[in-house]
Amino acid sequence: MKEIKLFAPATIANVSCGFDVLGLCLDNVGDEMIIRKTNDKGVKITKISGQNLPLETEKNVAGVAVLALLEKVTIDYGFEIEISKNIKPGSGIGSSAASSAGAVFGVNKLLGEPFSLQELVPFAMEGERLASGTAHADNVAPALLGSFTLIRSYNPLDIVKIDAPKELYATVVHPQIEVKTSDARSVLKQTVSLQQTVTQLGNLGGLISGLYTEDYELIGRSLHDEIVEPYRSILIPEFENAKKAALEAGALGSGISGSGPSIFALSKGKETAEKVGRAMALVYKNIEIDFDVHVSKVNANGIKVL
Ligand code: HSE
């Protein structure tokens with residue numbers, strides 16, 4: 001195989017109570033990438049359409065992720081990458097993760113799959129380090145593996161894939177402002193209280209348990225975040241109103257998608273998820289901020305070869 005074309009999906013990180021440890025993969029929102037073998041060694045980004053992003057390998061998240069992978073193999077050829085970006089950088093649905101994860105996934109395929117999907121995660125995390133200053137895995141892991149992923153441990157890296165209940169749908173509203181992950185991380189407190197930790201642990205355990213037992217009410221009760229959301233929500237216009245609108249329209253729960261500004265909601269059933277999308281959209285229509293709305297099933301498979 002000399003060339004591969006693939007779909008690299010958007011993802012929702014944190015999922016309220018799982019800051020840096022939980023993420024889920026979306027189905028119908030994502031980038032397309034073409035990766036080719038070349039005679040020249042190394043990796044070149046030859047084209048990016050849709051967004052204005054750096055082509056220089058060392059400044060591009062896909063380039064940096066592939067360089068990390070190439071350090072672990074001995075080959076006498078290289079790769080070039082074309083990226084068609086549909087996910088805006090700074091949107092909160094894993095734009096950098098889609099590029100990083102897609103690039104290492106495609107290169108691994110062209111190499112004959114020397115690495116498992118789990119083994120690709122640390123390479124893709126190097127793209128996240130470049131994008132946000134922190135090599136978090138809660139977008140790249142669900143992009144690569146699909147479904148929900150729990151980062152049980154970063155050191156050593158231990159990732160658990162958790163299937164989503166069949167009728168679980170995500171709604172994402174993206175108000176068209178940019179929030180850089182590095183900025184959204186810098187507003188966070190570095191210490192949390194014992195009481196906050198107890199609350200967060202209860203909710204994370206509840207959410208995971210709800211996913212395994214398909215208990216939608218338990219999932220809803222667990223979608224709370226007392227550690228991150230209070231600080232980040234002030235960066236997102238109308239956050240409280242959009243969240244309230246989602247819950248009133250029947251969402252199980254709602255919160256900030258990744259580092260924002262996108263806001264997500266989880267619902268039981270597509271119909272409710274669409275109604276939730278309309279309700280959240282209305283909040284932004286009323287104040288004349290442009291927005292996108294996505295309704296998606298949880299993507300069980302992650303990156304897809306086209
Ligand atoms: N866990 C990361 C954060 C995700 O919240 O900063 C960024 O998409």
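Numerical summary
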| quantity | calculated |
| --- | --- |
| Sequence-separation-based contact order of segment 3-163, relative, with Cα cut under 8 Å and 6+ spacing, percent | 28 percent |
| For Asp138, Asp215, order by how many other beta-carbon atoms lie within 10 Å, fewest first | Asp215, Asp138 |
| Proximal aspartates and glutamates to Lys41, defined as alpha-carbon separation beneath 19 angstrom and excluding residues fewer than eight positions away on the same chain | Glu3, Glu56, Glu58, Glu71, Asp76, Glu80, Glu82, Glu113 |
| Per-peptide average of other Cβ atoms within 10 Å, ordering 164-172, 253-261, 95-103, 230-238 highest first | 95-103, 253-261, 164-172, 230-238 |
| Overall Cα dimensions of the chain - principal axes, largest extent first, Å | 57, 41, 36 |
| Inter-site label distance for Met1 and Ile234 at 7 Å from Cα along Cβ, in nm | 4.8 nm |
| Linear extension gain, Ile287 paired with Asp40, 0.36 nm per residue minus alpha-carbon span | 83.8 nm |
| Distance-filtered residues of segment 217-252 - backbone nitrogen under 15 Å, label point 7 angstrom along Thr197 Cα→Cβ | 227 |
| Test item: Cα-centred dipole of the chain, Lys/Arg +1 and Asp/Glu -1 on Cβ, debye | 300 debye |
| Inverse of mean 1/r across different Cα pairs in segment 168-297, Kirkwood, Å | 15.1 Å |
| The chain, helix-only ellipticity at 222 nm - DSSP H runs n ≥ 4, -39,500 (n - 2.57), divided by all residues, nearest 500 | -11000 deg cm²/dmol |
| Pairs from Lys243/Lys285; Lys180/Lys268; Lys161/Lys304; Lys37/Lys161 whose Cα-Cα separation, in the structure shown, is over 20 Å | Lys180/Lys268; Lys37/Lys161 |
| DSSP-defined antiparallel bridges as percent of all bridges, segment 3-163, nearest 5 | 80 percent |
| Scattering profile of segment 204-271 at q = 0.15, 0.24, 0.29 Å⁻¹ [log10 I(q)/I(0), Debye over alpha-carbon scatterers] | -0.48, -1.08, -1.29 |
| Rel. contact order, % - alpha carbon contacts under 8 angstrom, at least six apart, the chain | 24 percent |
| Among Glu82, Glu271, Glu178: highest mean-square fluctuation, GNM of the chain, C-alpha pairs under 10 Å | Glu271 |
| Within a Gaussian network of the chain (alpha carbon springs, distance under 10 Å), most fluctuating of Thr197, Thr181, Thr74 | Thr74 |
| Separation in nanometres of the label points that stand 7 Å from Cα toward Cβ, at Val73 and Glu214 | 3.9 nm |
| Whole-percent pair-distance distribution, where bins are 10 Å wide, for the alpha carbons of segment 3-163 | 12, 46, 33, 8, 0 |
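Throughout, read-outs are computed from the coordinates displayed, never taken from laboratory work. It should be emphasised that the depicted structure is a prediction, and the values quoted were computed from it without experimental measurement. Cβ atoms come from the backbone with ideal geometry, glycine included; neighbour counts cover every protein chain shown.
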